[in-house]
1. Rounded to the nearest 20 debye, what is the charge dipole size of the chain about its Cα centre when +1 sits on each Lys and Arg Cβ and -1 on each Asp and Glu Cβ?
2. With everything on Cα atoms, drop me the angle between helix 56-67 and the longest principal axis of the chain, reported from 0 to 90° to the nearest 10.
3. Of the options V37, L67, T27, report the single residue whose Cα projects farthest towards the positive end of the charge dipole of the chain (beta-carbon charges: Lys, Arg +1; Asp, Glu -1).
4. Relative to the present Cα-Cα distance, how much length would full extension add between D15 and N53 at 0.36 nm per residue of separation?
5. Averaged over every viewing direction, what's the projected area of the C-alpha convex hull for the chain? Give it in nm², one decimal, please.
6. Per residue, how much accessible surface does the chain expose to a 1.4 Å probe? Answer in Å², no decimals.
7. At a 1.4 Å probe, what is the % contribution of carbon and sulfur to the accessible area of segment 26-80?
8. Could you work out how far helix 45-54 tilts from the main Cα principal axis of the chain, as a 0 to 90 degree angle to the nearest 10?
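The values are calculated or read from the model by the stated rules, or taken from the named source; none is laboratory data. All figures in this text were calculated on a predicted structure; none of them were measured in a lab. Don't worry about glycine lacking a Cβ; one is built from the backbone with ideal geometry, like all the others, and counts go over all protein chains shown. Only protein heavy atoms, including side chains, enter the accessible area calculation; ligands, DNA and RNA are left aside. Shrake-Rupley method; radii C 1.70, N 1.55, O 1.52, S 1.80 Å.
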Amino acid sequence: VQEALARGLSDPRLDGAMITILGVDLTPEADRAVARVSVLPDKAQARALAALNHAAAHLRRKISDALDLTSAPQLRFTLD
């Protein structure tokens, strides 16, 4: 997830935000994943989280392609 983010997203809500993936929790069925993130500065947290969740499907495809998966889990972001 961090690598996909490092390649960049073209969402102005992410301008000036530093995002770090702290961990990813996967359900036992591997159909859903929750990525725990840290966003700096604090004032950018809400808009960065909204941008990440908006881009979740796009990031899911990127991750699926990079890992050569036939089906990737649904992705959601939350602040840690």
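1. 240
2. Long axis of 56-67 versus the principal axis of the chain: about 50 degrees.
3. Highest projection toward the positive end goes to V37.
4. 12.1 nm
5. On the way: hull surface 19.5 nm².
Mean orientational projected area (the chain, Cα hull): 4.9 nm².
6. Numbers: 5180 Å² over 80 residues.
Accessible surface, normalised per residue, equals 65 Å².
7. On the way: 1790 of 3510 Å².
About 51 percent, which is the carbon plus sulfur part of the accessible surface.
8. 30
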